[in-house]
Ligand SMILES: Nc1ncnc2c1ncn2[C@@H]1O[C@H](COP(=O)(O)OP(=O)(O)OP(=O)(O)O)[C@@H](O)[C@H]1O
Ligand SMILES: [Mg+2]
């Protein structure tokens, strides 16, 4: 008989309610009201509803579910970036909710490191400086921290790039830096919130493979969040599926496929239609170049040339999205002494961060340029290419 695997992380009856009138929400919850009913009656969002699960040491646990189902909130409650409303998080038999501020910071650095979708790299430091940062703030001497950081840079396949600035790297490479940075502290566990969602499908597959090989080599425990059932099945030793704040089913890919708990799980597994699961924010990328409305045509031209693009997104000083300037028009502006403002193409399609891919498909099909993703105030948040939209429906 193999010895029973060690449980590294235990989440017990976790709840997270957002809003003021939480007692009323709890009363309704007891009566069996669902998330939307509770929100309607009390204004409280039940982000996490009685979630319990265990993660064994050395395993990858994947949380999957529709947008808004509570995945990020769970991961943020584990390292107390969000304070749980009730319930407990036990890590190596230690109650994380009871740690002091100082112990908590140490926990985040050395026990459970977080890797984000948007990389969170520091642009004023090179790759090495970013990867070594965690050791630096812990007071590790330069030579030692750079040695350790280089080991991790090699591990993620970025040797030779250590003195580059993150902004000169591709999305996939930046995420490798993010992973190397998390690994440098040698944490017991990696908390990864949709780390690969912004990458294009091929790079994404590479990164999944890379993560698996790193995990096998270093025997790390990983809690990984995704929208993508293929990614979940590829990476997860164990998979938990969330809906409306609840953890509906936990099991291996095999168990879930052969014995789905309900129709939601079944739909999730068989549904090839990712366009009903992904939103614009999950596939958007940062535009490689931006031009300000107040820029002169010479500057606009040099920005485009430097970035090797034939058109660029134009914003005003408040990041409000204005339109697109083509290279052709920028050249025209310079030779005819016209302003950028007069040549910006303004009828460019925009979408919101939370728009479903299925709903933006028609726009993506007819647009000349990648769709601009804007927030409520019209500020540019990212762009979505036609290819990104198409690849999420295959
Ligand atoms: N700071 C907050 N204040 C109020 N409500 C919040 C807050 N953060 C999240 N929520 C709500 O809690 C619920 C769960 O959100 P969460 O971000 O955990 O979902 P998710 O599964 O990670 O979604 P996504 O796939 O879009 O990242 C949602 O209904 C969301 O609107
Ligand atoms: Mg999330």
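Right, residue 60: within 9 Å of ligand 1 (Cβ to nearest atom) and in contact (Cβ under 8 Å) with a residue 12 or more places away in the chain or not?
no
Can you name the residue in region 160-186 that is in a loop (DSSP other than H, G, I, E, B) and touching a helix residue (DSSP H, G or I) at 6+ places or on another chain (Cβ under 6 Å) and, of all such residues, is farthest from ligand 2 (Cβ to nearest atom)? Can you show your working first?
Pass one, region 160-186, residues in a loop (DSSP other than H, G, I, E, B): 160-165, 169-170, 185-186.
Now restrict to residues that are touching a helix residue (DSSP H, G or I) at 6+ places or on another chain (Cβ under 6 Å): 161-162, 164, 185.
On the way: 161: 29, 162: 31, 164: 29, 185: 23 Å.
Selected residue: 162.
Yes/no per residue for (1) under 21 Å from residue 75 (Cβ atoms); (2) surrounded by fewer than 20 Cβ atoms within 10 Å (Cβ to Cβ):
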position	(1), (2)
203	no, yes
223	yes, no
230	yes, yes
268	yes, no
281	yes, no
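Picking from 79, 49, which residue would you name as being touching a helix residue (DSSP H, G or I) at 6+ places or on another chain (Cβ under 9 Å), in contact (Cβ under 8 Å) with a residue 60 or more places away in the chain and within 13 Å of ligand 1 (Cβ to nearest atom)?
Values: 79 fails: within 13 Å of ligand 1 (Cβ to nearest atom).
The match here is 49.
Please verify whether residue 381 is assigned to a strand (DSSP E or B) and surrounded by fewer than 21 Cβ atoms within 10 Å (Cβ to Cβ), treating the condition exactly as stated.
Details: assigned to a strand (DSSP E or B): yes; surrounded by fewer than 21 Cβ atoms within 10 Å (Cβ to Cβ): yes.
It is true that residue 381 is assigned to a strand (DSSP E or B) and surrounded by fewer than 21 Cβ atoms within 10 Å (Cβ to Cβ).
Name, by its number, the condition in (1) away from ligand 1 (no atom under 16 Å from the Cβ); (2) within 14 Å of the chain's Cα centre (by Cα) that does not hold for residue 227.
Single failed check for residue 227: (1).
Every residue in region 55-93 that is within 16 Å of ligand 2 (Cβ to nearest atom) and surrounded by fewer than 17 Cβ atoms within 10 Å (Cβ to Cβ), please.
67, 81
Is at least one residue of region 201-223 in a helix (DSSP H, G or I) and over 22 Å from residue 153 (Cα atoms)? Quick ask: steps written out before the conclusion?
First, pick out the residues of region 201-223 that are in a helix (DSSP H, G or I): 201-218.
Add one more test, that the residue is over 22 Å from residue 153 (Cα atoms), and what stays is 201.
Yes, some residue in region 201-223 is in a helix (DSSP H, G or I) and over 22 Å from residue 153 (Cα atoms).
Which members of region 192-201 meet the condition of being buried (at least 24 other Cβ atoms within 10 Å of the Cβ) and within 13 Å of ligand 2 (Cβ to nearest atom)? Walk me through how you get there before you give the answer.
Within region 192-201, the subset buried (at least 24 other Cβ atoms within 10 Å of the Cβ) is 192, 195-196.
Listed by number, the residues that qualify are 192, 195.
Quick check on this structure: which one of 128, 99 is closer than 29 Å to residue 170 by Cβ and at pLDDT 95 or above? Step through it out loud before you land on a result.
Values: 99 fails: closer than 29 Å to residue 170 by Cβ.
Result of the check over 128, 99: 128.
What tally of residues in region 88-118 results from selecting those that are within 16 Å of ligand 1 (Cβ to nearest atom) and in the same structural domain as residue 197 (by TED's automatic domain parsing)?
Here is the first cut: in region 88-118, the residues within 16 Å of ligand 1 (Cβ to nearest atom) are 89, 114-118.
Checking which are in the same structural domain as residue 197 (by TED's automatic domain parsing) leaves us with 114-118.
The qualifying residues number 5.
Enumerate the helices (runs of 4 or more DSSP H) found wholly within region 270-344, keeping only those where 3 or more residues are touching a residue at least 40 places away in the same chain (Cβ under 8 Å) and closer than 15 Å to residue 370 by Cβ.
Working: elements: 280-283, 297-307, 327-335, 340-343.
Because the criterion is at least 3 residues that are touching a residue at least 40 places away in the same chain (Cβ under 8 Å) and closer than 15 Å to residue 370 by Cβ, the helices (runs of 4 or more DSSP H) in region 270-344 that meet it are 280-283.
Among the candidates 30, 35, which residue alone is surrounded by fewer than 22 Cβ atoms within 10 Å (Cβ to Cβ), more than 26 Å from residue 213 (Cα to Cα) and free of Cβ contacts under 8 Å to residues at least 40 places away in the same chain?
On the way: 35 fails: free of Cβ contacts under 8 Å to residues at least 40 places away in the same chain.
Checking each option against the conditions leaves just 30.
The values are calculated or read from the model by the stated rules, or taken from the named source; none is laboratory data. Quick caveat: nothing in here was measured; it's all calculated off a predicted structure. Positions of Cβ are backbone-derived with ideal geometry, glycine not excepted, and every protein chain shown enters the neighbour counts.
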